[in-house]
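The values are calculated or read from the model by the stated rules, or taken from the named source; none is laboratory data. Computed from a predicted model, the values in this text were never measured in an experiment. Note that each Cβ is placed from the backbone with ideal geometry, even for glycine, and that neighbours are counted across all protein chains shown. Each accessible area value is taken on the protein alone, full model and side chains, heavy atoms only, with ligands, DNA and RNA left out. Shrake-Rupley method; radii C 1.70, N 1.55, O 1.52, S 1.80 Å.
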Amino acid sequence: MKYTSQSVALPYFVAAIGLFVGQIVFGLAMGLQYVVGDFLFPEIPFNVARMVHTNLLIVWLLFGFMGAAYYLIPEETETELYSPALAKLMFWIFLVAGAATILGYLLVDYNTLAAYTGNNILATMGREFLEQPLLTKIGIVVVALAFLFNISMTMLKGRKTVISIVMLLGLWGLAIFFLFSFYNPANLVKDKFYWWWVVHLWVEGVWELIMAAMLAFVLIKVTGVDREVIEKWLYVIITLALVTGLIGTGHHYFWIGTPGYWQWWGSVFSALEPIPFFAMTVFAFNMVNRRRREHPNKAAVLWALGTGVMAFLGAGVWGFLHTLAPVNFYTHGSQITAAHGHMAFYGAYVLVVLTIISYAMPLLRGRAANSQRAQVCEMWAFWLMTISMVFITLFLTAAGILQVWLQRVSDTPMPFMQVQDQISLFYWMRLWAGVVFAAGLVTYLASFFVKGESKPLITP
């Protein structure tokens, strides 16, 4: 490490990986509940398992983003972190609050949990992805503000770079748009309208800035390409991402009671959303091809290239498949949506967090890169998880196409549950692909403990 305060990123990365494991455990439980309906019932009903699965995804990615910021901002600004002590304190507050919330989901009836945590004072619970109790939401705001204060003060006293500015802009946007989770109007149209201001404007807006900054940082370190070249690419990518992603929110407004013009705005700008992801793929491969040095951390390079490709496929291609209003009329809320969601989250955000962890973790542990054996193990993990995610996506896509045909298009549409019986084979196939993904995750964890001769520490 160049700066000792970068070490505060380590617990954030460890917590992110631990919560990632929890997310996959509950994902497998849900996959089994799809085909064995009474599995773990009534101890962990499907709605609770789903809530835990999605909330763990959000929280572990946030831990990853925060760890990435604490690692790269000191290096970009060429100064120590403003307050390492504050970063450590916020880590424990966030971890304890997150763990308590998950235990609350599992151990307490949701209505009772709402009553205990002040939902009668300000009703914010009960909405998908924003199920957190009021006290947890307030805690998230406190942690986010302390985190942003720490990062912003570090930047004010140090060098300003394009990467650090884009990263900070994305992180501030993340915090600002989360405030709409406290707004829960009684009007259902307004509720869904502003609900997307958190969900969409996170994952298809400000999170893309964070992802681009993290990817650019790693590529500078592992390729040695001039910073000016990478920063020019970064300008193009974030401009395309913001222009298409912000107005592309309209593809969620097709059928919720908003004016009809959103079908045009949403369709046109959503159709353009694959462009920044394609640019990101070209960017990653172009930088690696133009590299000026062979970095010893080959695994980090693989994760970085995988981020570009899988983000383009999941967020770009699979997003485009059902984003035009005439198509979405039939496909919205089907398993095609689930297929897009799985590959998009994995490609765009899971992989970029694992990219920064793969690059930074060896340096945090005192070496330039892990041993060759450890890196081979890590690369096996990449391929197991990535290939299984491709198959999960394909199985869900097939299930979605059949679901749309049987339930919404055919001359004699079938009831929902009868359709679910017809497509259960795809759910079984998705479950087994999920088992392979879990095996890849175990392989990834094992790579941290594989012994071998490590590369000597160099100045990154």
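General remarks:
- 1.4 Å probe accessible area per residue over the range 175-286, in Å²: 39 Å²
- 21 Å tail of the calculated P(r), the range 23-91, as % of Cα pairs: 47 percent
- Using C-alpha pairs below 8 Å separated by at least 6 residues, the relative contact order for the chain is 14 percent.
- Spin-label zone in the range 25-59 - amide nitrogen under 19 Å from a point set 7 Å from the Cα of residue 435 along the C-beta vector: 25-40
- Amide hydrogen neighbours beyond the local backbone of residue 369, cut-off 5 Å, H modeled: 455
- P(r) tail, the chain: Cα-Cα pairs separated by more than 39 Å, 18% of all pairs.
- Each residue, residue 411 and residue 172, gets one label point 7 Å from its Cα in the Cβ direction; the gap between the two is 6.1 nm.
- Accessible surface of the chain, 1.4 Å probe, proportion on carbon and sulfur as whole %: 71 percent
- Environment charge of residue 108, counting only residues whose C-beta is closer than 15 Å and scoring Lys/Arg +1, Asp/Glu -1: -3
- Förster radius 25 Å - calculated FRET efficiency between residue 290 and residue 165 (Cβ-Cβ, nearest 0.05): 0.60
- Acute angle (nearest 10 degrees) that the helix 9-35 long axis makes with the longest principal axis of the chain, alpha-carbon atoms: 20 degrees
- Efficiency of FRET between residue 157 and residue 387 - r from beta-carbon atoms, R0 51 angstrom, step 0.05: 0.65
- Using C-alpha pairs under 8 Å with a sequence gap of at least 6, the mean separation divided by the residue count of the range 320-429 gives a relative contact order of 35 percent.
- Over the residues of the chain, the helix contribution to mean residue ellipticity at 222 nm works out to -23500 deg cm²/dmol, using -39500 (n - 2.57) for each DSSP H run of at least 4.
- Gain on full stretching of the segment that runs from residue 123 to residue 261 - 0.36 nm per residue minus C-alpha separation: 46.6 nm
- Remark: the range 316-446 projects, on average over all directions, an area of 9.0 nm² (convex hull of Cα atoms).
- Label point distance in nm, residue 80-residue 282, each placed 7 Å from Cα along Cα→Cβ: 4.4 nm
- For the range 96-176, the relative contact order is 22 percent, taking Cα pairs closer than 8 Å that sit 6 or more residues apart in sequence and dividing their mean separation by the residue count.
- At q = 0.10, 0.18 Å⁻¹, base-10 log of I(q)/I(0) for the range 215-362 (Debye sum, equal scatterers on each alpha carbon): -0.39, -0.98
- Model label points for residue 107 and residue 450, set 7 angstrom from Cα along the Cα-to-Cβ axis, are 3.8 nm apart.
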